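Colleague: Got a structure here, written out as structure tokens. Questions coming.
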Amino acid sequence: MIQKYLDNLKIAALNPMQLAVIAAAKKPNDILLLSPTGSGKTLAFLLPILSTLKTEIQLVQALIIVPSRELALQIEQVFKLMNTGFKVNCCYGGHSTKTERNNFSHPPAVLVGTPGRIAYHLKHANFDANRIHTLVLDEFDKALELGFKEEMSAIISQLGKIKKIILTSATSMKEIPSFTGVSNLVELNYLDSNAPVLASLKLKYIKAPDKDKLQILFSLICKLQNKLALVFCNHRDAVDRISALLSEKGIAHGIFHGGMEQDDRERALIKFRNGSHRILITTDLASRGLDIPEIAAVIHYQLPLTEDAFTHRNGRTARMNASGTAYLLLAASDQFPSFLNEMPEEESLPKTTTLPGKNPWSTLYIAAGKKDKINKMDIVGTLLQKGNITKEELGRVEVLDHSSYAAVSSKKIEAVVNLIKNEKIKNKKIKIDISR
């Protein structure tokens, strides 16, 4: 059965960490999994959960609590791709509470959500928690760091029939808070196993001649051309300043931070995943728990305040068997962080800059999604048949609840819109336009 799920996910085999979690979950103990970002923790706890689900129980049987909306959506997507036959639901702030309540009319076997939203539904008795036997606190260290202790404590106090608790963390934990209720804890520590990956990460630095680093960032982006890059800042205003400069220069990019509306954040990630944007400017919110592609470069526009933050940022590149580069941008007065274990090499920048070429992909917006009974094949069929494009000119398609996005060749996207703007999908007239 596991092999069927792996085939559905297009994964050849489980890694040692995932195998260890599955083995540990068979024993009567709780689990603390310490493993780096990008190592496959989601599948490591989903597979043991699946082995405990019963089709005859039409109530929530497993609860997965995560610190961010993006991580909740990612776990939901992985579970759906496994095609298990069990229902999964996702609850998070910024999502319609009415939609979530309606979903509970046919309760999911697996419920994924952020602490605040799960606490809300429990408070209003929107789902029955009496048959929940497995609790996963994913990215538990991040949830504590973001101040979700009170909500998590309130949730756990209402789960009276938990048989298994799985905590996951990408950093070492000195102690486990008592409110988790863990007992007979087994620790699986795979943090050191990331060493071979980090060996393929190059550290480089660029020093600005003055306080302003915007110009050297611009020069570096031009040097990288169309390589996928994440630009990390400590503050939202820095994200906005960089965005203003790149917009002025005509460089396509996305921004991502906690002050944005959920729809805008989701759209930024979609465009980054499908290649419409090759640069994403972000705070540390994007350093963990996001479904984003392999990154060629991480750029520390502002140096992180802690070693953990530095590690998580860098963990977005040089993952699995790939290589990557992390660039530290330093103002004239900046010093190297004390936690650096090696001296980065200096990166030289060209004296003249050449703007990156135009992105090969642009994003099409379709104003309908899963809740409107529109699926991926409906969209693909319409674009190929009515939009007069080939399979090679159609990229990644993502279908959300009430909207969908498709990557289309930048050379063809305006023609596609003109061809299909009056077409119907499943006999419905739907707004279709270029996503700006």
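Colleague: Answer yes or no: is there a residue in the range 15-31 that is crowded, with 21+ Cβ neighbours inside 10 Å, touching a residue at least 12 places away in the same chain (Cβ under 8 Å) and under 20 Å from the mean Cα position of the chain (by Cα).
Modeller: For the range 15-31, residues crowded, with 21+ Cβ neighbours inside 10 Å, touching a residue at least 12 places away in the same chain (Cβ under 8 Å) and under 20 Å from the mean Cα position of the chain (by Cα): present.
Colleague: Are any of the residues in the range 370-381 of a type in the set (G, A, S), within 29 Å of the chain's Cα centre (by Cα) and either within 30 Å of S35 (Cα to Cα) or surrounded by fewer than 15 Cβ atoms within 10 Å (Cβ to Cβ) (or both)? Don't jump to the end; show me each part of the working.
Modeller: The first filter runs over the range 370-381 and keeps only residues of a type in the set (G, A, S), leaving 381.
Subsequent filtering for residues that are within 29 Å of the chain's Cα centre (by Cα) retains 381.
After this cut, where a residue has to be either within 30 Å of S35 (Cα to Cα) or surrounded by fewer than 15 Cβ atoms within 10 Å (Cβ to Cβ) (or both) as well, the list is 381.
Yes, some residue in the range 370-381 is of a type in the set (G, A, S), within 29 Å of the chain's Cα centre (by Cα) and either within 30 Å of S35 (Cα to Cα) or surrounded by fewer than 15 Cβ atoms within 10 Å (Cβ to Cβ) (or both).
Colleague: Turning to a different aspect of this structure: Select from the range 244-265 the residues that are among the hydrophobic types (A, V, I, L, M, F, W, C) and out of contact with any strand residue (DSSP E or B) (no Cβ under 8 Å at 6 or more places or on another chain) and list them in ascending order.
Modeller: Answer for the range 244-265, where residues must be among the hydrophobic types (A, V, I, L, M, F, W, C) and out of contact with any strand residue (DSSP E or B) (no Cβ under 8 Å at 6 or more places or on another chain): A244, L245, M260.
Colleague: Follow-up. Within the bounds of the range 238-250, is there any residue that is within 30 Å of T363 (Cα to Cα), in contact with a Leu (Cβ under 9 Å, 6 or more places away or on another chain) and outside any helix (DSSP H, G or I)?
Modeller: So far as the range 238-250 goes, yes, one or more of its residues are within 30 Å of T363 (Cα to Cα), in contact with a Leu (Cβ under 9 Å, 6 or more places away or on another chain) and outside any helix (DSSP H, G or I).
Colleague: Now for a separate question. So which residues in the range 407-433 are surrounded by 15 or more Cβ atoms within 10 Å (Cβ to Cβ) and touching a Ser or Thr at 6+ places or on another chain (Cβ under 7 Å), if there are any at all?
Modeller: Result: A407, V408, S410, I413, I420, I425.
Colleague: Here is a list of conditions, (1) in contact with a Phe, Trp or Tyr (Cβ under 8 Å, 6 or more places away or on another chain); (2) not in a strand (DSSP E or B), and D378 meets all of them except one; can you say which number that is?
Modeller: Here D378 clears every test but (1).
Colleague: Restricting the first residue to the range 132-147 and requiring it to be of a type outside the set (S, T, Y), which pairs with a second residue that is part of a helix (DSSP H, G or I) and surrounded by 18 or more Cβ atoms within 10 Å (Cβ to Cβ) meet a Cβ separation below 6 Å and a spacing of at least six or different chains?
Modeller: V136/F45
Colleague: So which pairs qualify, if the first residue must be in the range 376-390 and without any contact (Cβ under 8 Å) to a residue 12 or more places away in the chain, the second must be among the β-branched types (V, I, T), the Cβ gap must be under 8 Å, and the two must be at least 6 apart or on different chains?
Modeller: L384/T390
Colleague: When the residues of the range 81-113 are narrowed to those that are small (G, A, S) and over 23 Å from the mean Cα position of the chain (by Cα), which ends up farthest from A129 (Cα to Cα)? Give the derivation first.
Modeller: To start, the set of residues in the range 81-113 that are small (G, A, S) comprises 85, 93-94, 96, 105, 109, 113.
The next check asks that each one be over 23 Å from the mean Cα position of the chain (by Cα); those that pass are 85, 105.
Values: G85: 21, S105: 14 Å.
So the residue we want is G85.
Colleague: Go through F336, F310 for me and flag whichever is among the aromatic types (F, W, Y) and touching a residue at least 60 places away in the same chain (Cβ under 8 Å).
Modeller: Numbers: F310 fails: touching a residue at least 60 places away in the same chain (Cβ under 8 Å).
Criteria check complete, one pass: F336.
Colleague: For the range 222-237, give me the residue count where each residue is within 11 Å of I279 (Cα to Cα), under 21 Å from the mean Cα position of the chain (by Cα) and part of a helix (DSSP H, G or I).
Modeller: Residues that pass the stated criteria total 0.
Colleague: Would you confirm, using the coordinates I've provided, whether L349 is closer than 19 Å to L217 by Cα and either in the same structural domain as R267 (by TED's automatic domain parsing) or at pLDDT below 95 (or both)?
Modeller: Numbers: closer than 19 Å to L217 by Cα: yes; either in the same structural domain as R267 (by TED's automatic domain parsing) or at pLDDT below 95 (or both): yes.
Answer is yes for this residue.
Colleague: Residue under question is G254, and the condition is that it be out of contact with any Cys (no Cβ under 6 Å at 6 or more places or on another chain), within 20 Å of S362 (Cβ to Cβ) and either basic (K, R) or surrounded by 18 or more Cβ atoms within 10 Å (Cβ to Cβ) (or both); does it hold? Lay out the reasoning, then the answer.
Modeller: Numbers: out of contact with any Cys (no Cβ under 6 Å at 6 or more places or on another chain): yes; within 20 Å of S362 (Cβ to Cβ): yes; either basic (K, R) or surrounded by 18 or more Cβ atoms within 10 Å (Cβ to Cβ) (or both): yes.
It is true that G254 is out of contact with any Cys (no Cβ under 6 Å at 6 or more places or on another chain), within 20 Å of S362 (Cβ to Cβ) and either basic (K, R) or surrounded by 18 or more Cβ atoms within 10 Å (Cβ to Cβ) (or both).
The values are calculated or read from the model by the stated rules, or taken from the named source; none is laboratory data. What you see is a predicted model; the values in this text were computed from it and never measured. Cβ: placed from backbone, ideal geometry, glycine included. Neighbour counts: every protein chain shown.
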